[in-house]
Amino acid sequence: MRDFRVGVVGCGGIAQVHGAVLQNLEGVELAACADIRPERAQAFAQNYGGKAYNSMDAMLAGEQLDAVHLCTPHYLHTPMAKLAVERGLHVFTEKPPVIDWQQWAQFQQLANASTRVGICFQNRYNRSVGLIQDVLRSGKAGKVLGARAFVTWHREAPYYTESGWRGALDTEGGGVLINQSVHTLDLLGQFLGRARRVEAVMANHHLKGVIQVEDMMEAYLQFGEANAIFYATTAYCADSPVLVEIACENATLRMEEQEVTLTWKDGTKEHFSLAAPKFAATGKAYWGASHGLCIQDFYESIRENRPFRNDIPGVKDTAELMLSMYESARENKVVELS
């Protein structure tokens, strides 16, 4: 089996999930890590292996790598991915891949590279998501009539003020949508297809004067003949399970993380509790438990020379819908997606 020598850039919270996965992934060597805070890079190297560096440039100069994982602040994902691709490296980046339309135009150009670029939309690999997709594909539920999605989580001021980059529009790109609930938006697209029209509203309810970005995003989304309502907030008192519900002609499909309930037209209910495989269960529960499956598939897709589910064309609909929601909310207008 081909070995990949991998470096991780950014050694904060989400990098710990990547480190735990890479440390135990067959055919992958976690060779290096980099962080502008040297103590974080050193701690990461001690926990997961590899050599610590104080910058991405130093790591690339000091190591012969095959791939890099980007676990850095949002605004750095696109320029760092571009740098890595220009060096002939594969890239696996945390979400979001971009923070604005200009970055999206640049990021899409990387799809033409000879190396692979993947994005971490790990919830696509959840067993609960797969079950709902199977039911929809089977036709048993009938035509999709509409959907709703709710993300009600909790973030206080220190989450932003202690990070050095969160809460600022130039570095985070937005708030609850781009940071916490873009995964849920992505799942709506997985179930309903490409959105065609969006009207969105956003606000900052509980951290006025602390952050520049939104803590609430509400939207009315049109997916072909089916419409969806979307609501996300970080002003709730807890990190509650994400709810996605799809109303169909013959059934209502309800998903709360790994729990799925199918309510059929005759009143019959089927309930499924779908625990993630042990290998996949890393990180906080509300992050989704399938980072391992997603990262494993990324490297297997390279070995097998096949498309990766979360490559640049594969996330196009979600990226453009997210950016369109911000455009709609900021400019108080309906946005049509081509």
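Here are the numbers for the structure shown:
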| item | result |
| --- | --- |
| Accessible area of residue 268 in the full protein assembly, 1.4 Å probe (Å², nearest 10) | 70 |
| Rotationally averaged projected area of region 128-274 (alpha carbon convex hull; nm²) | 9.4 |
| Candidate residues 231, 125: accessible-area rank, largest first, probe 1.4 Å | 231, 125 |
| For region 124-142 and region 200-226, distance of Cα centres in Å | 28 |
| Solvent-accessible area of residue 183 with every protein chain in place, 1.4 Å probe, in Å² to the nearest 10 | 20 |
| Size of region 94-157 as Cα extents on the principal axes (Å, biggest first) | 41, 41, 22 |
| C-alpha long axis of helix 127-138 to longest principal axis of the chain, angle in ° | 50 |
| Links that overshoot a 31 Å alpha carbon limit, given the list 269/333; 51/316; 51/95; 265/316; 82/208; 143/333 | 269/333; 51/316; 265/316; 82/208 |
| Amide hydrogen neighbours beyond the local backbone of residue 51, cut-off 5 Å, H modeled | 32, 33 |
| Per residue accessible area of region 113-255, 1.4 Å probe, in Å² | 39 |
| Within the chain, percent of DSSP bridges classed antiparallel, to nearest 5 | 60 |
| Alpha-carbon centroid distance for the pair region 227-276 / region 101-121, whole angstrom | 32 |
| Phi-based couplings in Hz for region 255-265 (Karplus 6.51, -1.76, 1.60; Gly and Pro marked x) | 10, 10, 6, 8, 9, 10, 10, 9, 10, 7, 4 |
| Hydrodynamic radius of region 47-151 per Kirkwood, over alpha carbon pairs, in Å | 16.5 |
| Of all accessible heavy-atom area on region 125-228, the percent that carbon and sulfur account for (1.4 Å) | 50 |
| ³J(HN,Hα), Karplus 6.51/-1.76/1.60, whole Hz, each residue of region 159-167, x for Gly, Pro | 3, 8, 5, 8, 7, x, 8, 5, x |
| Debye log10 I(q)/I(0) for region 212-270, one point scatterer per Cα, at q = 0.19 Å⁻¹ | -0.87 |
| Within-12-Å neighbourhood charge of residue 322 [Cβ basis; K, R +1; D, E -1] | -3 |
| C-alpha long axis of helix 312-331 to longest principal axis of the chain, angle in ° | 70 |
| At q = 0.09, 0.11, 0.14 Å⁻¹, base-10 log of I(q)/I(0) for the chain (Debye sum, equal scatterers on each alpha carbon) | -0.48, -0.72, -1.17 |
| Accessible heavy-atom area order of 40, 127, highest first, probe of 1.4 Å | 127, 40 |
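The values are calculated or read from the model by the stated rules, or taken from the named source; none is laboratory data. The model shown is predicted, which means the values in this text are computed figures rather than measured ones. Every residue, glycine among them, receives a Cβ derived from its backbone with ideal geometry; neighbour counts consider all protein chains shown. SASA here: full protein model, heavy atoms, side chains in, ligands and nucleic acids out. Shrake-Rupley method; radii C 1.70, N 1.55, O 1.52, S 1.80 Å.
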